[in-house]
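Taking it in order: structure first as structure tokens, then the write-up.
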Number of protein chains: 2
Amino acid sequence: MKSDANRRDGWVVGIDAGGTRTRAVLADARDGRVRGEGEAGPGNALTVPGPELAAHLAEAVASAVPAAMRGQVLAVAAGFAGAARAPEEERGRVRARAALGAALSRLGIRTGAVEVHSDVEAAFAGAPGRPADGLALVAGTGVVAARIVGRVPAATSGGDGWLLGDDGGGFWIGREATRAALRAVDGRGGPTVLTATVGRALGVAADTLPPAGGGCWAPARRAAYRAGLLPAVLDRPPVRLADLVPLVLEAAADNDLVARGILREAVAHLALTVHALRPRPGELLVVTGGLTAPDGPLLTPLAARLAGLTIVPVADGRAGAVALARLLTGHRPADTP
Amino acid sequence: MKSDANRRDGWVVGIDAGGTRTRAVLADARDGRVRGEGEAGPGNALTVPGPELAAHLAEAVASAVPAAMRGQVLAVAAGFAGAARAPEEERGRVRARAALGAALSRLGIRTGAVEVHSDVEAAFAGAPGRPADGLALVAGTGVVAARIVGRVPAATSGGDGWLLGDDGGGFWIGREATRAALRAVDGRGGPTVLTATVGRALGVAADTLPPAGGGCWAPARRAAYRAGLLPAVLDRPPVRLADLVPLVLEAAADNDLVARGILREAVAHLALTVHALRPRPGELLVVTGGLTAPDGPLLTPLAARLAGLTIVPVADGRAGAVALARLLTGHRPADTP
């Protein structure tokens with residue numbers, strides 16, 4: 001795996017394969033400077049079918065690495081959503097490795113130095129100063145946290161996928177928004193602007209939405225709303241519910257109590273996911289993912305809730321994947337741009 | 001539809017098509033006495049693919065109705081899970097009607113008096129005395145409640161399917177059990193015997209289960225448990241999680257606090273589903289489904305929680321479907337066996 005360890009002239013590729021998109025970066029192996037970038041569709045190793053995963057990887061890497069430079073790629077490292085670390089036989093990692101191998105060989109990138117990591121490892125590796133130990137949280141469509149010891153995950157928390165967990169992540173927030181809309185329809189829950197905004201986003205007929213002026217929402221109209229909403233959700237892949245997150249943020253900003261409750265509960269779930277790793281006071285917590293990246297909507301409330309920790313948000317896993325690829329070529333973490 | 005309304009000699013078929021199985025009953029049109037029964041696989045109108053649904057219906061009806069009697073079937077009524085009532089264009093009902101039509105024509109049953117109802121309507125129609133008004137709750141794999149006025153549902157509550165709702169039903173309980181097992185693995189939740197029993201039921205390797213004596217459950221073993229559990233769940237249809245309900249009941253009977261908490265919360269969800277229909281004091285509530293049928297494990301706690309209502313458990317939707325079929329032939333509700 002480290003046959004090129006002493007050769008420093010050339011390029012490395014770092015890949016961040018997340019639930020929403022796959023991003024690849026070409027960087028100089030010596031100083032880590034970025035020389036090219038590419039992007040393609042979703043890269044979750046568990047939920048994206050193998051051939052599609054390989055196609056997205058190939059597309060992102062092809063855009064990042066001009067054909068003429070593909071022969072000088074020394075190492076490739078990728079962080080995948082859905083590739084929770086050890087044990088080795090875990091299916092996400094196996095699928096990620098197969099898809100990445102297929103993509104690289106299709107592009108004529110023949111280095112033997114190729115490593116597959118989880119998204120949470122890649123996020124951690126991207127923190128300034130390239131720390132070796134601490135905690136990391138990825139809160140995007142899904143949610144996973146890990147304790148990293150010597151750059152390797154020693155324990156994980158969450159990452160159970162949308163059916164069983166990922167509480168507090170984008171899927172979870174979108175599902176809660178849809179549930180709140182349906183509860184408002186039949187009276188199990190209180191009124192919320194989400195009924196209208198979620199309904200509109202899912203394409204239910206305008207004349208079945210709650211009356212804009214707040215008048216009586218007739219039973220037949222409620223039933224028609226529900227009859228439009230349910231199939232619209234069932235016709236898409238479940239994780240697409242994460243697309244509704246902006247509507248919840250908007251409603252919360254407008255003081256909708258139901259939306260605020262959903263976000264408050266999401267933050268509590270994220271905090272619990274970190275808390276399960278038994279953080280020590282002041283310990284480093286690298287956070288990323290759509291919800292907790294530097295501009296992420298839940299970064300501030302999460303930081304308030306985990307005030308005892310040193311929270312460092314990173315944009316995504318790209319910088320970390322490049323750092324991990326450079327480690328494969330023998331460059332020590334300190335050689336950063 | 002009622003061309004046979006005055007002809008009382010002959011047979012009717014009642015069908016109860018639920019998330020777990022499809023059951024058909026052949027009964028005498030005059031007195032409702034049962035003359036044959038048949039059973040086949042799942043009959044949820046939303047989740048079972050059309051051809052399979054038709055095959056299950058045909059199999060159940062074929063077993064209930066000997067070939068020689070199929071020419072004398074005057075009416076067929078069926079209550080389907082996943083066929084929430086109005087509006088008419090709702091997909092479950094449309095699919096149920098198509099599948100039932102195909103099944104009957106395959107068997108040579110040619111009556112034009114065929115009606116599709118929701119499971120909750122059929123359950124209500126099966127209550128002793130054949131009431132016309134009141135409430136009904138079906139709590140099986142899924143959960144739906146309805147207010148019935150003049151034998152027709154006037155409002156429903158719940159019935160949103162496993163992805164968005166059905167809180168407190170069999171799927172929900174099984175999913176909560178699996179979530180509790182996973183939370184115990186990574187420390188987000190407390191210890192529970194469900195970790196062992198759910199793991200065993202889902203086929204995770206015995207040497208990854210928590211040590212029987214209560215000793216240290218090593219991190220590598222925990223990770224291997226998780227790596228075995230997640231694919232086992234993802235490889236089956238999600239609703240199969242309902243198969244885990246008996247494990248939760250068993251654990252609760254053994255005073256497992258986590259299991260007891262799941263069941264307590266399930267009962268609260270069922271009560272809320274009924275409560276949304278604004279029951280009047282003393283009002284009739286017909287209950288059925290695996291959880292709240294006469295021997296159902298949640299009947300007693302639910303009845304305690306809804307003590308102000310007149311709760312009547314019925315075994316399933318078969319008697320109600322027969323009653324609805326007899327109504328189609330012109331028999332009044334009072335003509336019961």
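The values are calculated or read from the model by the stated rules, or taken from the named source; none is laboratory data. Given the structure is predicted, the values throughout are model-derived calculations rather than measurements. Note that we place each Cβ from the backbone using ideal geometry, even for glycine, and neighbour counts take in every protein chain shown.
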(Q) So, in region B:198-222, how many residues would count as being hydrophobic (A, V, I, L, M, F, W, C) and part of a loop (DSSP other than H, G, I, E, B)? (A) 8
Q) Counting only residues that are crowded, with 20+ Cβ neighbours inside 10 Å and either more than 10 Å from chain B (Cβ to nearest Cβ) or basic (K, R) (or both), which one in region A:181-192 is nearest to A:V245 (Cα to Cα)? A) A:T192
Q: Select from region A:209-232 the residues that are within 11 Å of chain B (Cβ to nearest Cβ) and crowded, with 21+ Cβ neighbours inside 10 Å and write down the one among them that is farthest from the chain's Cα centre (by Cα).
A: A:A223
**Q.** Matching residues, region A:297-313, being touching a Ser or Thr at 6+ places or on another chain (Cβ under 8 Å) and either part of a loop (DSSP other than H, G, I, E, B) or surrounded by fewer than 21 Cβ atoms within 10 Å (Cβ to Cβ) (or both)
**A.** A:L298, A:L299, A:P313
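Restricting attention to region A:193-208, and to residues there that are of a type in the set (S, T, Y) and more than 10 Å from chain B (Cβ to nearest Cβ), which single residue is nearest to B:V144 (Cα to Cα)?
We begin by selecting, within region A:193-208, every residue of a type in the set (S, T, Y); these are A:195, A:197, A:208.
Remaining after also requiring more than 10 Å from chain B (Cβ to nearest Cβ): A:195, A:197.
On the way: A:T195: 20, A:T197: 25 Å.
So the residue we want is A:T195.
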Q. Would you pick out the residues in region A:239-248 that are at pLDDT 90 or above and either surrounded by 17 or more Cβ atoms within 10 Å (Cβ to Cβ) or at the interface with chain B (Cβ under 9 Å from one of its Cβ atoms) (or both)?
A. A:L241, A:A242, A:L244, A:V245, A:L247, A:V248
Q: Quick one: which residue in A:G317, A:G330, A:G308, A:G289 is at pLDDT below 95 and within 17 Å of A:W172 (Cβ to Cβ)?
A: A:G289
Q: Test A:L277 against the stated conditions and say whether it is over 19 Å from the mean Cα position of the chain (by Cα) and free of Cβ contacts under 8 Å to residues at least 60 places away in the same chain.
A: no
Q: Answer yes or no as to whether B:A271 is under 23 Å from B:A293 (Cα atoms), within 14 Å of chain A (Cβ to nearest Cβ) and assigned to a helix (DSSP H, G or I).
A: yes
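Across region B:282-296, what is the total count of residues that are in a strand (DSSP E or B) and under 12 Å from the mean Cα position of the chain (by Cα)?
Residues flagged as in a strand (DSSP E or B) and under 12 Å from the mean Cα position of the chain (by Cα) within region B:282-296 amount to 2.
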